[in-house]
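Here's the structure, in structure tokens; my notes come after.
The values are calculated or read from the model by the stated rules, or taken from the named source; none is laboratory data. Small disclaimer: the values here were computed from a predicted structure and weren't measured. Because the Cβ atoms are built from the backbone with ideal geometry, glycine has one as well, and the counts that use them run over all protein chains shown. In case anyone asks, the SASA skips ligands and DNA or RNA and just uses the protein heavy atoms, side chains included. Shrake-Rupley method; radii C 1.70, N 1.55, O 1.52, S 1.80 Å.
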Amino acid sequence: VVCALVGTGLMSHESGWRQAVAAAATGAMLAVLVLTMSRGGWVAAVIGACAFVSLSQRITRATLLAAAGVGVLSLAAVAAIPQSRTVLDSAVARADAGSDIDNQSTRLSLWRLAFEMWEDHPVLGGGPDSFSTLFPSYREPDQPGIGTANVRPESAHSFFFDQLVGLGALGVTAFVALVALVLFPALRSRGGGPLEPIAASFAAAIVAYFIAVAFSFSEAMTGWMPWVLMGGLLGL
């Protein structure tokens with residue numbers, strides 16, 4: 001999601017063969033995004049794309065069509081191979097399951113539990129990464145998706161619920177304010193400068209990242225991404 005949005009910025013900024021390479025890479029990433037079966041990723045991609053279009057005044061229809069064309073061709077290639085066609089079928093079933101709230105009972109039950117933890121420590125929270133530590137004291141014997149199994153989830157399956165439990169309302173407010181202050185220059189400089197598409201893509205990628213982890217959690221492999229993007233956006 002993040003790299004595809006940055007690639008979209010490169011499509012708008014570059015020309016010639018560089019633009020073609022960026023369009024091909026972005027289209028391929030969009031096709032692979034479908035195969036991840038991550039509903040949070042799909043939602044983040046749509047919202048990130050909307051953010052980019054609203055921020056950038058230099059995006060052209062040709063570049064968007066080029067990326068979309070590569071994406072469609074990539075998915076068609078996957079569909080043409082019988083062994084990989086089942087992946088597409090699974091992605092469609094996964095998207096359809098998103099409309100059934102019962103299929104998300106584990107995640108929703110963890111969110112409810114996290115909210116109960118926050119209610120007991122509303123201002124300062126229970127301490128960084130405290131969800132897994134507090135979980136045994138709050139879990140139910142028939143916790144949906146967990147039941148009587150002796151497991152302790154490492155996360156509430158939502159970055160923001162994790163932060164709410166760990167840092168409380170004060171910490172989450174400060175964090176959101178920091179991200180908003182970083183994004184503000186991109187909003188203010190909308191429509192100006194040769195690097196505007198790059199700045200717009202960085203801002204959209206930041207938004208999309210946090211949308212994605214709102215349904216999951218910030219892993220060590222990806223947790224550095226928003227900080228690099230925010231530093232890059234301020235530099236631009």
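On a 1.4 Å probe surface of the protein chains, which of 47, 206, 211 comes out largest in accessible area, and what is the full order?
These residues rank, largest area first, as 47, 211, 206.
Using a 1.4 Å probe, how large is the accessible area of residue 42, given in Å² and rounded to the nearest 10?
50 Å²
Rank these residues by their accessible area, most exposed first, probe 1.4 Å: 230, 221, 37.
221, 37, 230
Stretch residue 234-residue 181 to full length: gain in nm at 0.36 nm per residue minus the Cα-Cα span?
Full extension of this stretch gives 18.1 nm more.
What ranking do 118-125, 136-143 get when scored by the average of other Cβ atoms within 10 Å per residue, highest first? It would help to have the intermediate numbers written out before the result.
Working: 118-125: 14.6, 136-143: 11.9.
Listed from highest to lowest mean packing, they are 118-125, 136-143.
Calculate, in nm to one decimal, what residue 170 and residue 73 gain on full extension: separation in residues at 0.36 nm each, minus their alpha carbon distance.
30.2 nm
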